[in-house]
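Participant: Below are the structure tokens for one structure; questions will follow.
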Amino acid sequence: MVCLALGMTGCQRTESPQFAAAPKLGELSVGLQTAAQAELVKYTGSFQQPLLVAEKDAPAVDLTRGQAVYQERCVQCHGVSGDGAGPAAKYMYPKPRDYRRGMFKFISASYGHRPVREDLVRTVRQGIRGTSMPGFNLLHDRDLQAVVDYVVMLSRRGELEEQLIDLAESEQEVDPELVKADLVTTVLRRWNDAEENEVQPLKSAPKFTTTHVERGKRAFLTKGCSKCHGEDGRGQTLDNRGNDVWGHPTRAADLTSGMLHGGTRPLDIYRRIYSGINGTPMPSFANALRDEPDTIWDLVAYVLSVSSRRREGQSPTPGPIRPYVPVATEPAPQPAQ
Ligand code: HEC
Ligand code: HEC
């Protein structure tokens, strides 16, 4: 974009960005690297001409537009290849998403699944409150849809690349037929599976009363939530240290912060509890609470009540909480813009 603004003169020596190869690719022999790269380019193109891994009859997507929006508004955090390591990412907590695993946190489908399109649209439009992920609700819908397609492209590219590396490692060759029949099909199946795995509550939401909140609090203390989130939901417990699958340290959300990352609709919170959160220590309670559909709604009522306490002017109990963990050593999360 800077180049465009400066006219052609400023641009000539600026190299066009490239998709970086996954570090694991470099561990293969040169022959295998070339073969894996060739297959990757066949299905996903290059930065100059990106391709979406998709079915033959899939609707056309405007990746040129998507790329322009992405390079202008997302790349500084999410990186050219979608590895989540853009120049601005260094001091952020949580880190921008590395799309290349196809794994997303705030989804409608159950644990382990891909997001449905609406999940990505919602995230980009609203942002993720309490993190550096801004909301882009002023983007023209065409640009928003295009950048979502571009994110899907980067994700599928990363997934295919990872599988190609695994295949090359285990077979010591990259058979194009196998890539087409197995690897590409696997990537597509995962994305197509999401919709039919959307979590619908076992029972519809009740009208929340203080009774739900009280029962929810009891469940919070007895079903294991307080182990990570602390008895008061602030997450100040010794056990509250973990890593996510992207290799970054993570902690259980401070539920009292008033900034629920995954959304504040009762259904959002229901899905977080029922499904857990992909890639993080937040476990799924689908099995544990299978026979207690009301308990999940009670917990939702409790989480909602805890999360609005500060806004209602009630401070959480002051003073050290047992067991006490000193204030975060990582930089504090930045407010959404
Ligand atoms: C200032 C940095 C920043 C910018 C700019 C930014 N993001 Fe993010 N993004 C983040 C962070 C941080 C997260 C991770 C939040 C978390 O893990 O809770 C994230 C997460 C995401 C997710 C994952 C949501 C999930 O459910 O896992 C998507 C999708 C996403 N961003 C898309 C975009 C798109 C598209 C743009 C550009 C239009 C963009 N982001 C611009 C910082 C940024
Ligand atoms: C093993 C630790 C652990 C346990 C047990 C646990 N959580 Fe979590 N929880 C986490 C972590 C870690 C996150 C933050 C995930 C992220 O966004 O990176 C989280 C996030 C959440 C969120 C999403 C908050 C947001 O910002 O949107 C909710 C809601 C939640 N937990 C509720 C619960 C409830 C209710 C229980 C008990 C039924 C529970 N958790 C048990 C670790 C845990």
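Please treat every number below as a calculation from the coordinates, not as lab data. Note that the structure is predicted; figures quoted are calculated from it, not measured. Heads up, the Cβs are rebuilt from the backbone with ideal geometry, glycines too, and the neighbour counts pull from every protein chain shown.
Participant: Magnitude of the Cβ-charge dipole of the chain, K/R +1 and D/E -1, about the Cα centre, nearest 20 debye?
Facilitator: Here the chain has a charge dipole of around 1520 debye.
Participant: Could I ask something else about it? Return the long-range amide H neighbours of ALA109 (sequence gap of 5 or more, or a different chain), with a cut-off of under 5 Å between placed amide H atoms.
Facilitator: When sequence neighbours closer than 5 places are left aside, the close amide H contacts are VAL116, VAL199.
Participant: Write down the radius of gyration of the chain and its Dmax, each obtained from C-alpha positions, in Å.
Facilitator: Gyration radius and largest Cα-Cα distance of the chain: 22.0, 69 Å.
Participant: Report, in degrees rounded to the nearest 10, the 0 to 90 angle that the Cα long axis of helix 30-44 makes with the longest principal axis of the chain.
Facilitator: 70
Participant: Most exposed first by the Cβ proxy, i.e. fewest other Cβ within 10 Å, how do THR131, THR250 rank?
Facilitator: Fewest to most other Cβ atoms nearby, the residues stand as THR131, THR250.
Participant: With 31 Å as the limit, write out which pairs from LYS56/LYS105; LYS95/LYS203; LYS207/LYS227 have Cα-Cα distances beyond it, or answer none.
Facilitator: The answer is LYS95/LYS203.
Participant: Taking N as the number of residues in the range 210-307, what is its alpha-carbon radius of gyration divided by 2.2 N^0.38 Å?
Facilitator: Taking N as the residue count of the range 210-307, the ratio is 1.00.
Participant: Quick one: give the max-minus-min coordinate of the C-alpha atoms of the range 148-202 along each principal axis, largest first, in Å.
Facilitator: Per principal axis, max minus min of the Cα coordinates gives 47, 25, 16 Å.
Participant: For the residues GLU159, GLU27, what sequence is obtained by ranking on other C-beta atoms within 10 Å, fewest first?
Facilitator: Listing GLU159, GLU27 from fewest to most nearby Cβ atoms yields GLU27, GLU159.
Participant: Using only Cα atoms and rounding to the nearest 10 degrees, what angle (0 to 90) does helix 210-222 make with the longest principal axis of the chain?
Facilitator: The helix 210-222 is inclined about 70 degrees to the chain.
Participant: Can you pull the three principal axis extents for the Cα set of the range 268-317, in Å, largest first?
Facilitator: For the range 268-317, the Cα spread along each principal axis is 36, 26, 19 Å.
Participant: Right, something else. List the aspartates and glutamates whose Cα sits under 20 Å from the Cα of LYS180, skipping any in the same chain fewer than 8 residues away.
Facilitator: Straight-distance partners of LYS180: GLU39, GLU55, ASP57, GLU159, GLU161, GLU162, ASP166, GLU169, GLU171, ASP193.
Participant: OK, next. What is the distance, in nm, between label points placed 7 Å from the Cα along the Cα-to-Cβ direction at HIS140 and at ARG218?
Facilitator: Result: 5.7 nm between the two label points.
Participant: To continue, here is another question. Quote the FRET efficiency, to the nearest 0.05, computed for SER46 versus LYS227 with a Förster distance R0 of 56 Å and r equal to the Cβ-Cβ distance.
Facilitator: After rounding to 0.05, the efficiency reads 0.75.
Participant: Right, here's the next one. Tell me the label-point distance for the pair GLU312, GLN71, using the 7 Å Cα-to-Cβ offset, in nm and rounded to one decimal.
Facilitator: It works out to 5.1 nm between the two label points.
Participant: Could you pull out the longest piece of the chain with no exposed loop trypsin sites (Lys or Arg not before Pro) in it, calling a site exposed if DSSP puts it outside H, G, I, E, B and it has at most 12 other Cβ atoms within 10 Å?
Facilitator: In short, 91-202.
Participant: Could you work out the percent of alpha carbon pairs in the range 29-75 separated by over 15 Å, rounded to a whole number?
Facilitator: Cα-Cα pairs of the range 29-75 separated by over 15 Å account for 57 percent.
Participant: Please compute the contact order of the chain in relative form: average sequence separation of alpha-carbon pairs under 8 Å and at least six residues apart, divided by the residue count, as a percent.
Facilitator: Relative contact order comes out at 20 percent.
Participant: Positive end of the charge dipole of the range 14-196 (Lys, Arg +1 and Asp, Glu -1 on Cβ, about the Cα centre): tell me which of SER81, ALA168, ALA38 has its Cα farthest that way.
Facilitator: Farthest along the dipole direction, towards plus: SER81.
Participant: Quick one: helix 141-171 against the long Cα principal axis of the chain, what's the angle to the nearest 10°, folded into 0 to 90?
Facilitator: Once rounded, the angle reads 70 degrees.
Participant: In straight Cα distance, which aspartates and glutamates are under 16 Å from LYS217, not counting same-chain residues fewer than 8 positions off?
Facilitator: Straight-distance partners of LYS217: GLU231, ASP232, ASP254, GLU292, ASP294, ASP298.
Participant: I've got another one for you. In deg cm²/dmol, rounded to 500, what helix-only [θ] at 222 nm does the chain give when every DSSP H run of at least 4 residues adds -39500 (n - 2.57) and the total is split over its residues?
Facilitator: Theoretical 222 nm ellipticity from helices: -12000 deg cm²/dmol.
Participant: Two-decimal Rg/Rh of the range 213-262 from alpha-carbon positions, Kirkwood Rh?
Facilitator: On the Cα set of the range 213-262, Rg over Rh gives 1.01.
Participant: Rank the residues TYR150, TYR111 as a footprinting-exposure proxy: fewest other Cβ atoms within 10 Å of their Cβ go first.
Facilitator: TYR111, TYR150
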